[in-house]
Amino acid sequence: MRFWFSPASEVPIYRQLVTQVVLAILSGDLSPGDRLPSTRELARRFSIHPNTVSAGYRELEREGWTEYRHGSGVYVKNNAVPPSTPEQILDQHIAGFFRAVRELNLPSGEVRHRVAQWLASPPPDHFLLIDPDPEVREILLAEIGEFAKFPVSGASLEDCANPETILAAIPLCRPSQANAVRAVLPAGVELITLQIRSARAWLDSWLPSLKGRRLIGVASRWPDFVEIARTVLEAAGVESDLLVLRNATRPRWVRGLDQTAAIICDARTAATGKLPQGPRIFVFPFLADAARAELSRFC
């Protein structure tokens, strides 16, 4: 096992030893029954006092991580209890991070520097939906705003050239825009790619009730929404002359929708309050349930 010790740190050397051994056990770098280096070996290798190493080993034994075998040394104890508390699970993830770092053979100073940069950055306090299409952006913002407890705002790709735009933000994007968005974000910034709902699966749940010679309206400010809905509906067997297609950016776009049996629209169009009250309104949720669940965990 590889150890790092920093005499300049405010954390005592013995505590640095304890922390690294615990993380190694949690990550699997050390297994039950593995023997730790002797007190004399560690003291000589890192030029630290043997009493400091002994203090660390005693602490590990008190905490139940190791056991001392007389005449043989210090061994990792077989506790066989998986992490269960949030703190233990967090320690396991931290341990996995350090294991990955060791596999990269990065100098410890560079690792500390990068970690310090992350810790020094302000904690995220809002989502930032990044999309080049302003209409799609507004639709998704309206949808996310209905269920997310975390504030959300929108930005274009050009907006992200300003570092202030992504400060304290968790960027979001559609799958089709992931490469373009990553290209404008600084290295290391977390990006959540939103899973989009299957339009066909969503339609299958209610379309049979509307089959027959009944008009179906489609309305949205996003032209692609109207075209995609038209394509899917016709593929599902709805005749083209039964579709009333409306671009909500145009004047008098609601004309004729009151004659339909149902209207398919997006969250933003539904929120305008301009849709007629007679037809059934079906708001297509762009975000899949998995994406909604992921965003709902932030608060």
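The values are calculated or read from the model by the stated rules, or taken from the named source; none is laboratory data. Every value quoted in this text rests on a predicted model; they were computed, and no experiment measured them. As a convention, Cβ positions derive from the backbone with ideal geometry for all residues, glycine included, and neighbour counts pool all protein chains shown.
Please go through the range 63-87 and pick out each residue that is modelled with pLDDT under 80 and of a type outside the set (Val, Ile, Thr).
Asn79, Ala80, Pro82, Pro83, Ser84
Do we have Asp289 as surrounded by fewer than 16 Cβ atoms within 10 Å (Cβ to Cβ) and at pLDDT 95 or above here? It is false that Asp289 is surrounded by fewer than 16 Cβ atoms within 10 Å (Cβ to Cβ) and at pLDDT 95 or above. Selection of the range 72-100 for residues being surrounded by 12 or more Cβ atoms within 10 Å (Cβ to Cβ), over 20 Å from Leu36 (Cα atoms) and more than 21 Å from the chain's Cα centre (by Cα) yields only Pro83. Just the residues that are in contact with a strand residue (DSSP E or B) (Cβ under 9 Å, 6 or more places away or on another chain) and surrounded by fewer than 18 Cβ atoms within 10 Å (Cβ to Cβ), please, taken from the range 163-176. Answer for the range 163-176, where residues must be in contact with a strand residue (DSSP E or B) (Cβ under 9 Å, 6 or more places away or on another chain) and surrounded by fewer than 18 Cβ atoms within 10 Å (Cβ to Cβ): Thr165, Ala168, Pro175, Ser176. Quick check: is even one residue across the range 252-267 hydrophobic (A, V, I, L, M, F, W, C), outside the structural domain of Val181 (by TED's automatic domain parsing), under 16 Å from Ala142 (Cα atoms) and assigned to a loop (DSSP other than H, G, I, E, B)? No: zero hits. Scan the range 1-55 residue by residue and report those that are surrounded by 14 or more Cβ atoms within 10 Å (Cβ to Cβ), at pLDDT 90 or above and assigned to a loop (DSSP other than H, G, I, E, B). Selection gives Asp34, Leu36, Pro37, Ser38, Ile48.
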